[in-house]
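Here the structure comes first, spelled out in structure tokens, and everything after it is commentary.
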Amino acid sequence: SSTGVIGWRLPAKELAEDVVPRAIEALQSDSAYSAAEAIMTTDRYPKLRSKTLSNGVRIVGVAKGAGMIEPNMATMLGYLMTDAKIKRDSLQAMLTEACNKSFNSISIDGDESTSDTVVAIASGLKDLDSEDEFKEALFEVCEGLSADLVRNGEGTGHVIRVNISNFPGSEYDARRMGRHLVNSPLVKCAISGNDPNTGRIAGAIGSFMGKFFPTESVDKMSLTLGGRTIFNNGQFVLEGDAVEKELSGHMADAQLGEHDDFPKHQKFVEIGVDFGGEGSNVIVLGSDLTKEYVNVNADYRS
């Protein structure tokens with residue numbers, strides 16, 4: 001598995017004769033950090049997550065990816081390793097579900113690629129006491145890595161977390177709506193500038209619903225930004241300069257440095273979308289749009 005410039009052939013001879021032998025010589029069991037570091041491209045820092053179960057079974061995951069991140073997965077690589085003894089079919093089913101809730105629920109720039117991989121491997125060295133505990137831990141590792149990918153996105157200054165409740169459709173379509181929202185250039189730019197332009201959020205949701213769910217009512221829909229209600233009962237709830245400053249402050253508090261080697265926090269710009277009634281519940285992560293993203297991709301091959 002690999003990522004890179006689309007259309008360019010891999011240097012197979014150099015890989016086989018030079019890189020692979022050196023990789024074999026460098027094999028060790030002390031830490032997965034060097035592996036997380038070695039697969040970086042435009043990533044600013046390595047991404048590594050682990051979880052130890054109550055009986056000592058471990059799950060360790062590493063991932064890379066910083067741009068062209070849009071489900072299904074796109075330009076990202078993820079490798080999950082465990083010493084658990086678990087049936088292949090069970091592990092595959094858990095991984096598929098975990099990917100849908102994590103790597104398939106993120107977007108950095110709305111672009112897909114030809115190359116992506118998520119693999120889970122199990123050595124079978126330790127018995128597994130509880131598959132439920134293992135599944136929960138696998139989900140935690142995958143969700144942590146997926147958030148790290150967005151946080152490490154090319155030029156990312158804010159990570160957006162959209163919590164969608166009671167969507168009148170499937171989880172798949174709810175994720176589509178969430179990605180439509182975080183992929184809106186107007187929403188991205190507003191968040192980049194800590195500008196609580198709430199109409200852009202409502203507009204992005206309305207455009208999706210109008211195109212794909214035109215017969216569904218949004219009369220009961222409510223929106224929140226940073227935990228504060230901004231839209232309810234078919235109208236905006238805006239209460240003057242104090243609220244404007246509060247919402248802008250929420251965004252500023254979640255801001256990251258576009259050039260940071262490591263993230264200084266793991267905060268999100270929190271957007272809540274509740275359609276009322278009953279339906280699907282999902283969480284989608286996205287990033288803002290900054291000048292640094294443009295700089296990275298304008299000079300990608302130079």
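Leaving out ligands, DNA and RNA, and with a 1.4 Å probe, what % of the accessible surface on the stretch 183-245 is carbon or sulfur?
Reported share for carbon and sulfur atoms: 50 percent.
What pairs from K64/K87; K188/K291; K47/K87 go past 18 Å between their alpha carbons?
Pairs exceeding 18 Å: K64/K87; K47/K87.
So what is the accessible area of the stretch 157-302 per residue, in Å², with the probe set to 1.4 Å?
Per-residue value: 50 Å².
Between the DSSP loop rule and a limit of at most 12 other Cβ atoms within 10 Å, which trypsin sites (Lys or Arg not before Pro) in the stretch 1-78 are left?
R9
Just name one of A122, G226, G193: the one whose Cα is farthest towards the positive end of the charge dipole of the stretch 92-228 (beta-carbon charges, Lys/Arg +1, Asp/Glu -1).
G193
Of all the stretches in the chain, which is the longest one without any exposed loop site, taking GluC sites (Glu not before Pro) in a DSSP loop (any state but H, G, I, E, B) with at most 16 other Cβ atoms within 10 Å?
1-111
Filter the trypsin sites (Lys or Arg not before Pro) in the stretch 221-281 to those in DSSP coil with at most 13 other Cβ atoms within 10 Å of their Cβ, and list the result.
The qualifying sites are K264.
Over the stretch 1-64, what lengths in whole Å, largest first, do the semi-axes of the equivalent ellipsoid take, defined as the square roots of 5 times the eigenvalues of the alpha-carbon gyration tensor?
Result for the stretch 1-64: semi-axes of 27, 16, 10 Å.
Given contacts defined as C-alpha pairs under 8 Å and at least six residues apart, what's the relative contact order of the stretch 134-201, whole-number percent?
Over the stretch 134-201, the number comes to 21 percent.
Kindly work out what percent of the DSSP beta bridges joining two residues of the chain are antiparallel, to the nearest 5.
Roughly 65 percent of the beta bridges in the chain run antiparallel, per DSSP.
Once you mark the chymotrypsin sites (Phe, Trp or Tyr not before Pro) that are in a DSSP loop and have at most 12 other Cβ atoms within 10 Å, what is the longest gap between them in the chain?
Of all site-free stretches, the longest is 9-299.
From Cα coordinates alone, what are the radius of gyration and Dmax values for the stretch 102-244 in angstrom?
Final numbers for Rg and Dmax: 18.5, 61 Å.
For the stretch 168-302, just the Cα set please: Rg and Dmax, both in angstrom.
Looking at the stretch 168-302, its Cα Rg and Dmax stand at 16.1, 52 Å.
Which value, in Å², gives the accessible area per residue of the stretch 1-57 when a 1.4 Å probe is used on the protein heavy atoms?
73
Using Cα pairs closer than 8 Å and at least 6 residues apart in sequence, work out the relative contact order for the chain, in percent.
Worked out over the chain, it gives 22 percent.
Sketch the reach of a paramagnetic label on F236 as a point 7 Å from Cα along Cα-to-Cβ, and name the residues of the stretch 196-220 whose backbone nitrogen lies under 15 Å away.
What the label zone holds, given the 15 Å backbone N cut-off, is 196-206.
Using the Cβ atoms and a cut-off under 14 Å, what net charge is assigned to the surroundings of G144, where Lys and Arg are +1 and Asp and Glu are -1?
Computed value for this residue: +2.
Once you have the Cα-Cα distance between Y33 and F262, take 0.36 nm times their residue separation minus that, and quote the gain in nm to one decimal.
So the chain would gain 81.0 nm between Y33 and F262.
For the stretch 78-90, in order, what is each residue's ³J(HN,Hα) by Karplus, 6.51 cos²θ - 1.76 cosθ + 1.60 with θ = phi - 60°, in whole Hz (x at glycine and Pro)?
x, 10, 10, 10, 9, 9, 6, 8, 8, 5, 4, 4, 5
Sort D173, D195, D30 by accessible area with a 1.4 Å probe, largest first.
Listed by decreasing accessible area, they come as D30, D195, D173.
Which ³J(HN,Hα) values, rounded to whole Hz and listed in residue order, are derived for the stretch 23-30 from phi using the Karplus coefficients 6.51, -1.76 and 1.60 in 6.51 cos²θ - 1.76 cosθ + 1.60 with θ = phi - 60°, glycine and proline given as x?
After applying 6.51 cos²θ - 1.76 cosθ + 1.60, I find 5, 5, 5, 8, 4, 7, 10, 6 Hz.
Apply the Debye scattering formula to the stretch 14-159, with a single equal point scatterer on each alpha-carbon and no solvent, then give log10 I(q)/I(0) at q = 0.17 Å⁻¹.
For the requested q values the scattering log ratios are -0.97.
For the chain, evaluate the Debye formula with one uniform point scatterer on each Cα (no solvent term) and list log10 I(q)/I(0) at q = 0.12, 0.14 Å⁻¹, rounded to two decimals.
The Cα Debye sum returns log10 ratios of -0.84, -1.09.
Rounded to two decimals, what is Rg over Rh for the stretch 238-302 when you use alpha-carbon atoms and the Kirkwood radius?
Over the Cα atoms of the stretch 238-302, Rg/Rh equals 1.09.
Can you show me the helix-derived [θ] at 222 nm for the chain, built from DSSP H runs with n ≥ 4 at -39,500 (n - 2.57) apiece and divided by the number of residues, rounded to the nearest 500.
Roughly -10500 deg cm²/dmol at 222 nm, from the helical runs in the chain.
For E131 and S50, what is the calculated FRET efficiency with R₀ set at 25 Å and r taken between the beta-carbons, to the nearest 0.05?
Computed FRET efficiency for E131 and S50 comes out at 0.85.
How much of the accessible area of the stretch 95-141, probe 1.4 Å, is carbon plus sulfur, in whole percent?
41
The values are calculated or read from the model by the stated rules, or taken from the named source; none is laboratory data. Predicted, not measured: the structure shown is a model, and the values here were computed from it. Virtual Cβ from ideal backbone geometry, glycine too; neighbours counted across all protein chains shown. The area values use the complete protein model at the heavy-atom level, side chains included, leaving out ligands, DNA and RNA. Shrake-Rupley method; radii C 1.70, N 1.55, O 1.52, S 1.80 Å.
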